[in-house]
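Some notes on the structure that comes next.
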Amino acid sequence: GASSPDRVKKHRIARDHVAVGRILGEGFFGEVHAGVYKSPAGERISVAIKTCKDFTAEVKEKFLSEAGLMKNLDHPHIVRLIGVIEADPVWIVMELLDHGELGSYLLREMYILTTATLTLYCLQICNALAYLEGLSMVHRDIAVRNVLVASPQCVKLGDFGLSRYVDEQEYYKASVSRLPIKWMAPESINFRRFTTASDVWMFGVCAWEIFSMAQQPFFWLDNGQVINQLESGVRLPKPQRCPTAVSGLLTRCWAYEPHTRPRFSQLVCSLSDIHRMELERDGR
Ligand code: ATP
């Protein structure tokens, strides 16, 4: 299981094998630093080190729960956990993604990114989510702010702060108030109901962010207005750079009834077809 002693041991690393470098950003729990990890085999790996400024047991447990979920994941488009240091100060050590958050990357590279590359990013995120679906894991916070860029042709899902395991047919009933309303499915806003189908909705919003070069979804509305708009049938408009075929998929992701939305596995097939077509178009 997720917390079996073997798993924990496998991911426990020694602090003196980690060299801490510059600050990358501020996380919810504390600063995130770049650094280098020397593995037991002597390999030097560039890492991101998440720190936790609060040493109380409850906070540390919350902080480490993200690493607890990531321990069991192994996917080319999900940020890899290298290890944890459970003694104070608690650290989570992950692979470093040099190009940072996808949102800022899109703004920076806006003029050189092709439609094929934007479609590729969506496809890669969708692949990661299909993998999570297979593990009965609901992500709950799919947005460009939680996607990191490894290289110009590779993005990874990077933040599991809100993720949960859910049983088949079951769902996670959220209690937290820091919820990303503008990314959320109607049933999540109304009943705090989170399922793979609500992840599909959120993936649609994340794809919208990608094709609109990191604009905020519904920036023209207040959080409180969003649900009324959704219930009267209003959806995000097609971004200029978004291929018609992708826009058609997004419309299906935003079906009001959760069970009528496509599955991630179907979206992967459609998006890889569209990606291939966009590549051919660029090649012509
Ligand atoms: P929040 O809950 O606000 O999203 P968080 O605690 O999940 O915060 P992150 O957003 O994951 O923290 O990290 C804070 C910053 O550190 C991000 O802006 C990101 O740029 C950087 N960062 C985090 N992980 C990595 C990584 N693996 N590689 C490179 N940069 C990273």
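Here are a few things to note about the model shown:
- The sole residue among 38, 71 that is open to solvent by less than 40 Å² (accessible area, probe 1.4 Å), away from the ligand (no atom under 13 Å from the Cβ) and not polar (S, T, N, Q) is 71.
- Residue under evaluation residue 237, criteria (1) free of Cβ contacts under 8 Å to residues at least 40 places away in the same chain; (2) within 23 Å of residue 103 (Cα to Cα); (3) open to solvent by less than 80 Å² (accessible area, probe 1.4 Å); (4) in contact with a helix residue (DSSP H, G or I) (Cβ under 8 Å, 6 or more places away or on another chain), criterion not met: (4)
- Residue in the range 83-95 that is more than 21 Å from residue 53 (Cβ to Cβ), open to solvent by 10 Å² or more (accessible area, probe 1.4 Å) and within 13 Å of the ligand (Cβ to nearest atom) present: yes
- Residue within the range 105-123 that is within 11 Å of the ligand (Cβ to nearest atom), surrounded by fewer than 22 Cβ atoms within 10 Å (Cβ to Cβ) and either assigned to a helix (DSSP H, G or I) or β-branched (Val, Ile, Thr) (or both) present: yes
- Within the range 255-270, the set of residues being assigned to a loop (DSSP other than H, G, I, E, B) and of a type outside the set (A, V, I, L, M, F, W, C) comprises 256, 257, 261, 262, 263.
- Any chance residue 46 is under 20 Å from the mean Cα position of the chain (by Cα), in contact (Cβ under 8 Å) with a residue 12 or more places away in the chain and near the ligand (Cβ under 10 Å from one of its atoms): no
- Which numbered condition residue 245 misses (of (1) open to solvent by less than 20 Å² (accessible area, probe 1.4 Å); (2) at pLDDT 95 or above): (1)
- When residues of the range 124-156 are limited to those that are more than 16 Å from the ligand (Cβ to nearest atom) and not in a helix (DSSP H, G or I), the one nearest to residue 189 (Cα to Cα): 138
- First in the range 215-231 and assigned to a helix (DSSP H, G or I), second anywhere and among the hydroxyl-bearing types (Ser, Thr, Tyr), Cβ under 8 Å, 6 or more apart: 230/256; 231/256
- Near pairs, Cβ below 7 angstrom, 6+ apart or cross-chain, from the range 8-35 (more than 15 Å from the ligand (Cβ to nearest atom)) to any residue that is of a type in the set (D, E, K, R) and in a loop (DSSP other than H, G, I, E, B): 11/71; 12/86
- Subset tally (residues that are out of contact with any Cys (no Cβ under 7 Å at 6 or more places or on another chain) and either free of Cβ contacts under 8 Å to residues at least 40 places away in the same chain or open to solvent by less than 30 Å² (accessible area, probe 1.4 Å) (or both)) for the range 253-274: 10
- Test: residue in the range 254-267 that is of a type in the set (D, E, K, R) and in contact with a strand residue (DSSP E or B) (Cβ under 7 Å, 6 or more places away or on another chain): no
The values are calculated or read from the model by the stated rules, or taken from the named source; none is laboratory data. Source: prediction; values computed, not measured. Here Cβ is always computed from backbone atoms with ideal geometry, including for glycine, and neighbour counts include all displayed protein chains. For accessibility, only protein heavy atoms count, side chains too; no ligands or nucleic acids. Shrake-Rupley method; radii C 1.70, N 1.55, O 1.52, S 1.80 Å.
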